[in-house]
Amino acid sequence: MDKIRVVGGNRLVGRVEINGAKNAALPAMAASLLTADSVYLENVPYVRDTLTTQDLLREMGVEAEILEDGSATLKASDVASQEAPYELVKTMRAAILVLGPLMGRFKKASVSLPGGCAIGARPINLHIMGLERMGAKCDVTHGYVDAATSGLHGSYIMMDTVTVTGTENLMMAATLAEGETVLDNAACEPEITDLASMLRDMGAQIEGDGTRTIRIRGVKKLHGCRHRIIPDRIEAGTFAVASAITRGDVEVSNCNPRHLTAVLAQLSQTGAQISIGPDSFRIKGRDPISSKNVTTYPYPAFPTDMQAQYMALMTQGNDSALITETVFENRFMHALELIRMGADITVEGRQAMVKGRKILTGARVQASDLRASASLILAGLVAEGETWIDRIYHLDRGYYRIEEKLAQLGAQIERVP
Ligand code: EPZ
């Protein structure tokens, strides 16, 4: 397996372009199942999770192709199977996103249960509850959820926990249901709004996306569309931390700074100097890095997908910082690897106390999930000597050639086959 080798010490300087958002591209690709017409997507990141989704759709009979230039063509005119098999779902939990579109258009679906992962149990009870409220019958047996309906109908659905893919699945299913569906306590991440605008381009009637209450009036049929995926706010946030931790000077372009308000506000509190443009921001790292507590919550608050990267930064803070993770119950695996690099971190349940002013030393470390792998690279950028990161297949799930982009900013980093 490939590894990443990082030698610490270089300040990052220059401009980096951000790719399309993985977490917007995955539901957009699944949405192609809602129509027999062609769907054309632009700015799709060429990463392992979008390629797995391409394979999953092809397995169902969809003509699906993603190109490295970010264009994707999807046509679900001859869907022969409504099954998402274990082999594919086990590699990518987001495969659950075919459940809603399949139920909306084909009135049946058989999707392998995603199961838990390194960061938490990740149940899908709210996805199932919502479909059942729309009239579906869902059986969970043999590791699969088998769902069927004679036709979905609109319903009022209150989700007791904010769920991103749950909101996306139910929104997609409701576009072809009879009558109006109201999703309450809905997720309002930018990826939700991006999907809603694509569905409207396909003829769906959706209001309130971006707020906690979304209304969907079902229509008989949806048509094809052309849609450009929003930039990846988490990739942009990762490069912002890379500049701050190396005391660098980086312009992060081709992104939407308004999607990063909480992240940039937190980084400026730590002392980074940030100037914001319409589709880019410039971030200059400063000494000292101020240790600041943070708590993750659903959007628009500080995102859980930036927690690991922020922890790496806090190992270099001038005091102690308390990091509280409220979204996932087990998202501190990276702390153990950062400790192997010399960090002083105490984890208790959903809180981690990070004592700063620690000189990190390069080590062999293992990535446990996508964002954890990014935090290990960030730590490696300031550690003394070499850091070798194993299991980078996690990294490739959601970052496109991150080591090349960092090298262009002056980092000493390479992928070692
Ligand atoms: C999405 O996952 C993202 N993935 C995750 O990004 C992200 O961390 C997460 O939202 C939170 O922002 C994609 O969009 C593909 P949730 P999702 O359902 O939808 C509980 C990355 O690094 N819950 O919003 O699976 C759940 O256990 C990935 O790119 C239920 O209890 O997350 C969790 O504690 C990692 N029942 C909380 O809600 C349900 O039915 C939020 O999970 C569903 C969720």
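Data table
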quantity	calculated
Exposure proxy ranking, count of Cβ atoms within 10 Å, fewest first, for Thr295, Thr163, Thr238	Thr295, Thr163, Thr238
Taking the chain and dividing mean pair separation by its residue count, relative contact order in percent (alpha carbons under 8 Å, at least six apart)	21
Residue order, fewest to most surrounding Cβ atoms within 10 angstrom, among Ile216, Ile339, Ile234	Ile339, Ile234, Ile216
Sorted by Cβ density within 10 Å, fewest first, the residues Phe106, Phe281	Phe106, Phe281
Under 5 Å, built H, 5+ apart or other chain: amide partners of Gly154	Glu178, Gly179, Glu180
Share, in percent, of DSSP beta bridges within the chain that are antiparallel, nearest 5	70
Cα coordinate range in the chain, projected on the principal axes (Å, largest first)	62, 41, 40
At 0.890 mPa s and 25 °C, Stokes diffusion of the range 329-417 via Kirkwood alpha-carbon radius, µm² per second	182
Local net charge near Gly154, Cβ-Cβ under 12 Å (Lys/Arg +1, Asp/Glu -1)	+1
Distance between the range 256-295 and the range 1-69 - C-alpha centres, whole angstrom	26
Set of lysines near Lys3 by C-alpha distance (under 19 Å), chain-local residues within fewer than 8 positions excluded	Lys405
Qualifying lysines (Cα of each under 19 Å from Cα of Lys107; at least 8 residues distant if same chain)	Lys75, Lys137, Lys220, Lys221
Calculated from backbone phi, Karplus (6.51, -1.76, 1.60) coupling profile of the range 277-285 in Hz, x at Gly/Pro	x, x, 9, 7, 9, 10, 10, 10, x
Within a Gaussian network of the chain (alpha carbon springs, distance under 10 Å), most fluctuating of Ala80, Ala186, Ala244	Ala80
Separation in nanometres of the label points that stand 7 Å from Cα toward Cβ, at Ser71 and Thr161	4.1
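Each value in this text was obtained by applying a stated rule to the coordinates, not by laboratory testing. The shown structure was predicted, so the numbers you read here are calculated from the model rather than taken from an experiment. Backbone-built Cβ (ideal geometry, glycine too); neighbour counts: all protein chains shown.
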